[in-house]
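The next block holds one structure in the form of structure tokens; read it before the comments.
The values are calculated or read from the model by the stated rules, or taken from the named source; none is laboratory data. Just so it is clear, the structure is predicted and the values come from calculations on it, not from any experiment. Cβ atoms come from the backbone with ideal geometry, glycine included; neighbour counts cover every protein chain shown. The area values use the complete protein model at the heavy-atom level, side chains included, leaving out ligands, DNA and RNA. Shrake-Rupley method; radii C 1.70, N 1.55, O 1.52, S 1.80 Å.
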Amino acid sequence: MADDTVKMQRIAGHSEERFLGSDVFESAGRNLPRPNGQGTVREDARDIAVYHQCDVAVIGGGPAGCAAAWAAAKAGADVTLVERYNCLGGLSTGGLVMWIDRMTDWSGNPVIQGFARQFIERMPKEAVAGPPRADWGSTDPAKVLHWQNRTTAFHGIVQWAPTLDPERMKLNNQEMLLEAGVRLVFHAWAARPLVEHGAAKGVIFESKAGRQALLAKVVVDTTGDGDMFARAGAAFDTDIEEGDVHHSMNTAWIVGGVDMDRWIDWKVHHPDELRALMERGRHELGFFQTPYVTWRPDVAMWLGPRQSGLSALDVDDMTEVEIRSHRLMEGHTQFFRRHAPGFEGAFALNSAAQLGVRHTRRLAGLARIERKDWGAGRAAPDEIGISPSISPKFPVVSVPLGSLVPRALDGLLAAGRHISCDANSHGFMREIPQCWLTGHAAGAAAAVAANRGVQPRAVEVAEVRALLRSQGAHLNDDALLAEPRQAVAAE
């Protein structure tokens, strides 16, 4: 790729604040000119047919949406999930981000469970790659060396961070939700929320059948970008950590016909040759990235190029990412065939159908997960989940229900990567296990609100926690909650 297409910024090394160091593209030259549209057109007013009425409408079928729909339905709510693609799982499936981040604390104890644990335990054994239970928390140098090259050992500690077959995940999500009684609506894009007197009452979605309305007692926004709460007028934050990989975008791809064990052995034992290979790749392609493992040793994955300075709320920027990514997919495949051990028979297998978006908006909620609180280790008074921390120097992070509740808007909960947190905390709260965690909690809270006929902000926290525990979630003992209270109070 031409050097003037992109400007590369090196992010050096592996810090405790950043998951993986990587080359990150910054926007420079563009492949398409800007559109020339001016002015406005008026759309005629019209009546919208009601497609369905339900207790809980979940908008977005990614990890958070699947967990939310499952939890609400298991609690007895009538649930409908609206998904714009043809499958469930979001970035974990359609985005090919099949590597599931840390689900254990730094001692190897599982802390993200509930829907997440049941989901993985239902997966076929051949569709899951990761360390055995006995190795979770291990600091044995040999085990760490083995697993750190398979994306599941950091800071010298083996973690439970499995890689899963994306196609089997699609089916697993689908069957779990159908068994729970969830109504699925694929190929449908939620266009805007329905809001009356400051409360969400459902959504309008677009499909081949045109515009239709879905009415609900509670809406759960799991779009990842906060599309529903933003369009409903809820406050949100957009600040980012400049230069951090956690706000960049990419299209992932996978390559078949490889020998990843041979590649890993070569790169570990020939670091000088690896550096030379990488330099040659950057010179020839303008950007270069080494592959990640997948659930199979004969399939490799790339999560790049991570591109910054572009917005996932701008259709032209999103198009730009796709153009660059597909060129680099072909470039990397051919380069590795020619030069990399284990890739002599490599072929391009699949590129992600979904753009890899890390950050757009974050809810301004009743509570907020913040960097300044990481070291305290206190359980939130309205805790609905526990997340692993970013490094061993921090305790686990207590996730409050208030981080899912808008400050003013009623009738809606948010879950997934757009929950209420600061820019630093977003770096790990956006990961797939944390999306499962917050989605599970949002679904439980939505079911309680719908069943009780109250607003989400008025649910009894104790009832939500009891429901979450009954569904297998991991929580601190009630006695550890700071200044326990019965409900999430509005500001």
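Looking at the range 65-220, the accessible area is 39 square angstrom per residue; that uses a 1.4 Å probe and ignores ligands, DNA and RNA. The overall shape of the range 248-296 is oblate: from the C-alpha gyration tensor, with semi-axes ordered a ≥ b ≥ c, the ratio a/c is 1.5 or greater and a/b is no larger than b/c. One quarter of the convex hull surface built on the alpha carbon atoms of the range 341-491 amounts to 12.2 nm², the projected area averaged over directions. In this structure, residue 364 and residue 338 have a Cβ-Cβ separation that, at R0 = 30 Å, corresponds to a calculated FRET efficiency of about 0.05. Multiplying the residue separation of residue 372 and residue 40 by 0.36 nm and removing their Cα-Cα distance gives an extension gain of 115.0 nm. Between residue 296 and residue 32, the C-beta separation translates, for a Förster distance of 56 Å, into a calculated FRET efficiency of about 0.95.
When you restrict to C-alpha pairs under 8 Å that are six or more residues apart and normalise by the size of the chain, the relative contact order lands at 21 percent.
Spin-label model, residue 167 to residue 273: label points 7 Å out along the Cα-to-beta-carbon direction sit 3.3 nm apart.
Taking only alpha carbon atoms, the range 230-381 gives an Rg to Rh ratio of 1.08, where Rh is the Kirkwood radius. Compared with the dominant principal axis of the Cα atoms in the chain, helix 63-74 is inclined by about 40°. Using a 1.4 Å probe over the heavy atoms of the protein chains, calculate the carbon and sulfur portion of the accessible area of the chain as a whole percent. In the chain, the share of accessible area belonging to carbon and sulfur is 49 percent. For the chain, the longest principal axis of the alpha carbon atoms and the long axis of helix 260-269 meet at an angle near 60°. Only alpha carbons enter this Debye calculation for the range 210-305, each as an equal point scatterer, and the log10 of I(q)/I(0) it gives at q = 0.12, 0.16, 0.22 Å⁻¹ is -0.67, -0.87, -1.23. Once C-alpha pairs closer than 8 Å and six or more residues apart are averaged by separation and normalised to the residue number of the range 27-183, the relative contact order reads 26 percent. Only helices enter this figure: runs of n ≥ 4 DSSP H residues, each worth -39500 (n - 2.57), summed and divided by the residues of the chain, yield -8500 deg cm²/dmol at 222 nm to the nearest 500.
Of the three principal axes defined by the Cα atoms of the chain, the extents in descending order read 64, 59, 40 Å.
Take every DSSP beta bridge whose two residues both sit in the chain; close to 65 percent of them are antiparallel.
Full extension of the chain between residue 178 and residue 206 gives 7.8 nm of extra length, using 0.36 nm per residue less the Cα-Cα distance. What the Kirkwood sum gives for the range 36-120 is a hydrodynamic radius of 16.1 Å, with every pair of different alpha carbons counted. The distance between label points at residue 326 and residue 266 comes to 2.9 nm (points 7 Å beyond Cα on the Cα→Cβ vector). Rounded to the nearest 20 debye, the dipole magnitude of the range 376-478 is 200 debye, with +1 charges on Lys and Arg beta carbons, -1 on Asp and Glu beta carbons, and the Cα centre as origin.
Projecting the Cα atoms of 466, 433, 404 onto the charge dipole of the range 373-491, computed from C-beta unit charges around the Cα centre, puts 433 farthest toward the positive end. Over the range 138-230, what is the relative contact order in percent, taking alpha-carbon pairs closer than 8 angstrom and at least six residues apart? Here the relative contact order equals 14 percent.
Rolling a 1.4 Å probe across all protein chains gives residue 170 an accessible area of roughly 50 Å².
How tilted is helix 315-339 with respect to the longest principal axis of the chain? Cα atoms for both, answer in degrees (0 to 90, nearest 10). The answer is roughly 30 degrees. Net length available on complete extension from residue 282 to residue 480 is 66.1 nm, with 0.36 nm assigned per residue and the Cα-Cα distance removed.
Note on surface exposure: 227, 478, 140 rank 478, 140, 227 by accessible area, highest first, 1.4 Å probe. In the structure shown, the pairs 74/170; 143/170; 170/393; 125/393 are assessed against 29 Å; a Cα-Cα span above that value is assigned to 143/170; 170/393; 125/393. Its Cα centre serving as origin, the range 137-261 has a Cβ charge dipole (Lys and Arg +1, Asp and Glu -1) of approximately 700 debye. Once both labels are positioned 7 Å from their Cα atoms along Cα-to-Cβ, the gap between residue 318 and residue 466 label points is 4.3 nm. Per residue, the range 224-374 exposes 39 Å² of solvent-accessible protein surface, assessed with a 1.4 angstrom probe and all protein chains in place. Please compute the Kirkwood hydrodynamic radius of the range 63-202 from all pairs of different C-alpha atoms, in Å with one decimal. Result for the range 63-202 stands at 16.7 Å.
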